[in-house]
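The values are calculated or read from the model by the stated rules, or taken from the named source; none is laboratory data. None of these values were measured; they are calculated from a predicted model. Cβ placement follows ideal geometry from the backbone for every residue including glycine, while neighbour counts extend to all protein chains displayed.
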Amino acid sequence: MNHQHRHLPPLNAVRAFEAAARLGSFKNAAAELNVTHGAISQHIRLLEQWLGTPALFRRSVRRVALTPAGAALLAEVGPALDRIADAVQQHRAKRSDTTEAVLHVNALATFSMRWLLPRMSRFRDEHPEIEVRLTTSNDPIDALPETYDVVIRGGPDTYHGFSSRFVVSERRLPVCSPTLLRQLPLDEVQDLSRHTLLNVTSMPRLWRDWLAAAGEPGLRPAGALTFDHFYLTIQAAIDGLGIAMGPTALVSDDLAATRLIAPFPEISLPARPYFAYMPAANSNNSHSVVFCNWLADQGERSERRDASNSCEVTD
């Protein structure tokens with residue numbers, strides 16, 4: 001069989017050109033490809049030499065701009081690289097029946113520790129053919145340094161090239177250990193003035209907003225502690241250090257096991273629910289769909305249980 005010989009330029013130079021052209025900056029292209037500014041310049045010069053005139057960029061002291069020839073080349077090269085990336089992704093997603101699939105998941109740190117990890121043994125039992133590799137980050141989806149099969153964040157948000165799936169809703173309300181509650185009962189909101197309130201640096205207004213909603217905007221607590229992560233605040237509440245503003249989804253297991261008590265369940269603040277985001281290019285990955293379906297099912301179970309517990313408290 002005869003194969004036509006492909007006369008291709010250096011592919012690293014093509015990648016450097018596409019990144020620099022798309023971002024409008026050699027510096028930003030270097031950061032994206034994790035190389036030096038000089039390496040980008042060298043690749044561009046190599047590609048221009050390989051192609052011959054006309055040049056691809058107009059260079060000035062402060063910036064670079066595409067020439068008409070460069071813009072025409074980008075219009076062809078960009079989609080070609082996208083097709084290569086899609087083909088590679090589809091190839092990686094294909095697994096034989098005897099091979100364990102690897103699913104790369106990125107989720108918020110506190111959500112992972114307080115909600116996802118306690119349920120992961122169930123997923124493993126139900127789907128032993130899928131290995132979940134979990135990493136945590138609080139970065140926005142479009143700022144993540146690499147591509148994941150599933151990303152769990154608040155929502156609903158719209159990200160270009162992603163579909164989303166609702167996982168579980170959330171509200172925020174005070175929670176504390178039953179031991180602390182026995183020592184210093186909370187019969188009414190004013191009783192919080194005898195307690196230490198636990199805060200998280202990323203949401204400094206939580207307690208202020210809740211107290212305003214509870215009709216006690218001027219209440220002064222006996223003390224305050226501040227942590228840099230929600231999961232530290234929740235753990236401090238479990239350990240009896242004070243009263244935390246607990247995200248309902250993330251403390252539901254602790255409330256069910258009575259490691260935590262919600263002294264004022266009728267007063268809560270709204271919060272963004274959690275969503276699973278999946279790259280559109282990954283829509284044919286059946287393992288991602290299975291995982292997102294499982295997340296939604298777990299979220300529904302969690303909310304049914306929380307609603308049942310609320311009815312029992314109310315009754």
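Here L197 clears all of (1) in contact with an Asp or Glu (Cβ under 9 Å, 6 or more places away or on another chain); (2) assigned by TED's automatic domain parsing to the domain that holds F264; (3) surrounded by 13 or more Cβ atoms within 10 Å (Cβ to Cβ) except the condition numbered (1). Count of segment 141-172 residues, restricted to those that are over 22 Å from P270 (Cα atoms), in a strand (DSSP E or B) and within 13 Å of the chain's Cα centre (by Cα), is 3. Condition check for M203 on (1) under 21 Å from the mean Cα position of the chain (by Cα); (2) in a helix (DSSP H, G or I): one failure, at (2). With respect to (1) touching a Pro at 6+ places or on another chain (Cβ under 7 Å); (2) outside any loop (DSSP other than H, G, I, E, B), the lone exception for D209 is condition (1). Go through the residues of segment 186-196 one by one and say whether even a single one is in a helix (DSSP H, G or I), more than 26 Å from R153 (Cα to Cα) and among the acidic types (D, E). Yes, segment 186-196 contains a residue that is in a helix (DSSP H, G or I), more than 26 Å from R153 (Cα to Cα) and among the acidic types (D, E). Between a first residue in segment 182-205 that is within 14 Å of L232 (Cβ to Cβ) and a second residue that is assigned to a loop (DSSP other than H, G, I, E, B) and at pLDDT 95 or above, which pairs have beta carbons less than 6 Å apart while being 6 or more apart in sequence or on different chains? Listed by first residue and then by second, the contacts come to L198/G242. Among the residues of segment 43-79, those identified as assigned to a loop (DSSP other than H, G, I, E, B) and touching an Asp or Glu at 6+ places or on another chain (Cβ under 7 Å) are A55, L56.
T135 meets all of the listed conditions (1) in a strand (DSSP E or B); (2) more than 24 Å from L33 (Cα to Cα) but one, namely (2).
I'd like to know if segment 245-255 contains one or more residues that are within 24 Å of P118 (Cα to Cα), touching a residue at least 60 places away in the same chain (Cβ under 8 Å) and part of a loop (DSSP other than H, G, I, E, B). Within segment 245-255, not a single residue is within 24 Å of P118 (Cα to Cα), touching a residue at least 60 places away in the same chain (Cβ under 8 Å) and part of a loop (DSSP other than H, G, I, E, B). Does A249 satisfy the condition of being modelled with pLDDT of 95 or more and surrounded by 17 or more Cβ atoms within 10 Å (Cβ to Cβ)? When the stated conditions are applied, A249 does not pass them. Filtered by the rule that a residue be farther than 24 Å from A143 by Cβ, of a type in the set (A, V, I, L, M, F, W, C) and surrounded by 16 or more Cβ atoms within 10 Å (Cβ to Cβ), segment 28-50 gives I44, L46, L47. Figure legend. Inter-residue proximity from segment 47-58: first residues closer than 15 Å to G24 by Cα, second residues among the small types (G, A, S) and not in a loop (DSSP other than H, G, I, E, B), beta-carbon distance below 6 Å, spacing 6+ or different chains. Indicated pairs: L56/G70; F57/G70; R58/A65. When G242 is tested against (1) in the same structural domain as T201 (by TED's automatic domain parsing); (2) modelled with pLDDT under 95; (3) buried (at least 19 other Cβ atoms within 10 Å of the Cβ), just one condition goes unmet, and that condition is (2).
Can you work out which of the residues in segment 258-278 that are among the aliphatic types (A, V, I, L, M) and farther than 14 Å from S169 by Cβ is surrounded by the fewest Cβ atoms within 10 Å (Cβ to Cβ)? So, considering only residues that are among the aliphatic types (A, V, I, L, M) and farther than 14 Å from S169 by Cβ, the one surrounded by the fewest Cβ atoms within 10 Å (Cβ to Cβ) is I267.
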